[in-house]
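Down below is the structure, laid out as structure tokens.
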Amino acid sequence: MEIVLAIIGAIIGLGLGVWAGLKWGVALMPREPWRYWVANGIMALGGIAIAAVGQYLGQLWVSVIGLGFMGGGITGLKYGYGHSTGIWAIHDRLVGTDEELRDD
């Protein structure tokens, strides 16, 4: 039963993270790029905090929610932000890909 709860927790955490990341990423789109990187750090710390609480309580499913939230949140931020970031920004500049990846 514990594995079933862990799977459900992963799906819940991933879903919540993607939803929150997309919303926050869209809000960050017109702002400075450093805010995007700070948001990634906050998502990572939030996921780690949830996972730590789960470990403290001895509940694996809560820990897995935290890991799913962190992964989903960072992914949602990237897609919500809509710009090429990190190493992919360097790659896109080298190959001449459009800077704006969204279709209007």
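The values are calculated or read from the model by the stated rules, or taken from the named source; none is laboratory data. Everything numeric in this text was worked out from a predicted model, so none of it was measured. Methodologically, a virtual Cβ is constructed for each residue, glycine included, from the backbone with ideal geometry; neighbour enumeration extends over all protein chains shown. When the accessible area is computed, the model is the full protein with side chains, heavy atoms only, and any ligands, DNA or RNA have been set aside. Shrake-Rupley method; radii C 1.70, N 1.55, O 1.52, S 1.80 Å.
Table for the structure above
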{"quantity": "Number of positions in segment 54-99 that are charged (D, E, K, R), over 10 Å from the mean Cα position of the chain (by Cα) and part of a helix (DSSP H, G or I)", "calculated": "2"}
{"quantity": "Number of positions in segment 30-53 that are farther than 14 Å from residue 85 by Cα and either open to solvent by less than 90 Å² (accessible area, probe 1.4 Å) or under 14 Å from the mean Cα position of the chain (by Cα) (or both)", "calculated": "13"}
{"quantity": "Residue match in segment 33-50 (condition: of a type in the set (Ser, Thr, Tyr), within 26 Å of residue 89 (Cβ to Cβ) and either in contact (Cβ under 8 Å) with a residue 40 or more places away in the chain or assigned to a helix (DSSP H, G or I) (or both))", "calculated": "yes"}
{"quantity": "Count - residues of segment 1-17 that are open to solvent by 50 Å² or more (accessible area, probe 1.4 Å) and within 16 Å of the chain's Cα centre (by Cα)", "calculated": "4"}
